[in-house]
Amino acid sequence: MQTEASLLNRGGKKLLSWIGLGGPEAKMRSNAENWLELADKVWQYRRDQLSEAERQELLARIEALRQSYRARADAGKLKLLIEELEGVLRRTGGKIYPKSALIENVEFFLVAAIVILGIRTYFVQPFKIPTNSMWPSYYGMTPHVYHRPEDAPGPLAQAGRFLLFGAWHYQVVAPATGPITVPVALGPVSNGGGKMLYETKPARSWLVFPTTNRDYIVYVNETPVHVQVPQDFDFDWAFQEAFGLSAAQLAEAAAKSPRRGGNFSWVTLDRQAEEKRPLLSFDILTGDQLFVDRISYHFVRPEVGQGFVFRTGNIPGIARAYGDQYYIKRLIGVPGDKIQIKEPVVWRNGQPITGAEAFGLNARREGLYRGYFNGAADNGAQYLLTPDETLTVPAGSFFAMGDNSGNSADGRYWGFVPAKDVAGKPLFIYYPFTKHWGPAR
């Protein structure tokens, strides 16, 4: 049976041949190696089924090619001996030779798969940012809202945006003319107030792979209109931008609305829908897709401030709900560190934290960075609930937070990352082709 090492050797040489490396002499020597390997295989598997004359002829051709190979004969002579050997193999090879192109290609792609899996497991792993907990350092799925129907992309533009940005276009058309009403959660914004209600529904990704969608309902003149989006997409972001509202404004409107339904209210917007006109028009842009360096942390200790990819299977606060996945946050504390949050700044060992550009941007609430927040107990946080609370990172563990801490379920909620579950650090954003493309921050 052909060994994995043999497959790798042959596959590697085929790759070199495909890309034109090695020159004609090296290529012919590689061909001779492959033919000798095949001939030895035929001999081992078929010699008991061959006649004495066939055995002698096969051994003679094998030995002639092997001796010329060892003597480093020129490419012309090797080619002639290979052709002579190939003629004998056609008569004696049975099911082993001649071999179909399909089998050759299967072997090649098997080798490629082995190489790719090895690289992915031990060196570099592709990873897709699922949510916006690290926004704006890394983007999860984000909306691009079109406020005017004429701004929405046509079919050709949609195809281009899909290739460049992984964008899927959504358009919701009003079924009637009249007021727009939405169910909005009651309560403070810090506890989910001001968000639209939804149900989870089973769905298919690429029409094949099982997944889960969020199903939102917008009522137009009391007629329900369903909008289904991926589970990790922040539809509230798209809705609020489309209608010029904030979560705080929706929460206030929900508190004032006389129409209650348990933990939510019916909020009627100021804007009127027009029949057969777009009610919502937006793209969902895919999250940043990056390569993760899986080898460095075998030799050097993770440093505070680095992007930080880890597995969640041994973190009960995540595993109970979402199982064993890969998460990305920013490393805030290593064993022995004392952490505090004095909004909008994280303090480490009695000093404002340093080590990443995002720390300073959040501390100054500069640009899109909103600062760091204490955990909200009524929203499930367990740690760093007040500016006076200090958390000490235990041995064999790390503490991590999202750069978008106001919208991040991180260490404040589920605690610490076991050192054994650290996967690596972000290396390079390879898709989509936005301003984020390039070395990871």
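The values are calculated or read from the model by the stated rules, or taken from the named source; none is laboratory data. Everything numeric here is computed off the predicted structure, so don't read it as measured data. Here the Cβ positions follow ideal geometry from the backbone for every residue, glycine too, while neighbour counts run over all protein chains shown. Remember, those area values only see protein heavy atoms, side chains included, never the ligands or the DNA or RNA. Shrake-Rupley method; radii C 1.70, N 1.55, O 1.52, S 1.80 Å.
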Of the residues Leu427, Leu368, Leu384, which is more than 23 Å from the chain's Cα centre (by Cα) and crowded, with 16+ Cβ neighbours inside 10 Å? Leu384
Can you confirm whether Gly360 is out of contact with any Phe, Trp or Tyr (no Cβ under 6 Å at 6 or more places or on another chain) and at pLDDT below 95? no
Is one or more of the residues making up the range 287-304 crowded, with 20+ Cβ neighbours inside 10 Å, within 30 Å of Val172 (Cβ to Cβ) and in contact (Cβ under 8 Å) with a residue 24 or more places away in the chain? yes
Only one of these is open to solvent by 50 Å² or more (accessible area, probe 1.4 Å), more than 15 Å from Ala32 (Cα to Cα), touching an Asp or Glu at 6+ places or on another chain (Cβ under 9 Å) and assigned to a helix (DSSP H, G or I): Arg61, Arg55, Arg91. Name it. Arg91
Would you check if there is a residue in the range 276-284 being of a type in the set (D, E, K, R), open to solvent by less than 50 Å² (accessible area, probe 1.4 Å), closer than 30 Å to Pro126 by Cα and at pLDDT 95 or above? yes
Residue hits (the range 175-220; over 31 Å from the mean Cα position of the chain (by Cα), aliphatic (A, V, I, L, M) and surrounded by fewer than 17 Cβ atoms within 10 Å (Cβ to Cβ)) are Ala176
Quick one: in the range 118-174, which of the residues that are free of Cβ contacts under 8 Å to residues at least 40 places away in the same chain and either open to solvent by less than 40 Å² (accessible area, probe 1.4 Å) or part of a strand (DSSP E or B) (or both) is farthest from Glu357 (Cα to Cα)? Gly154
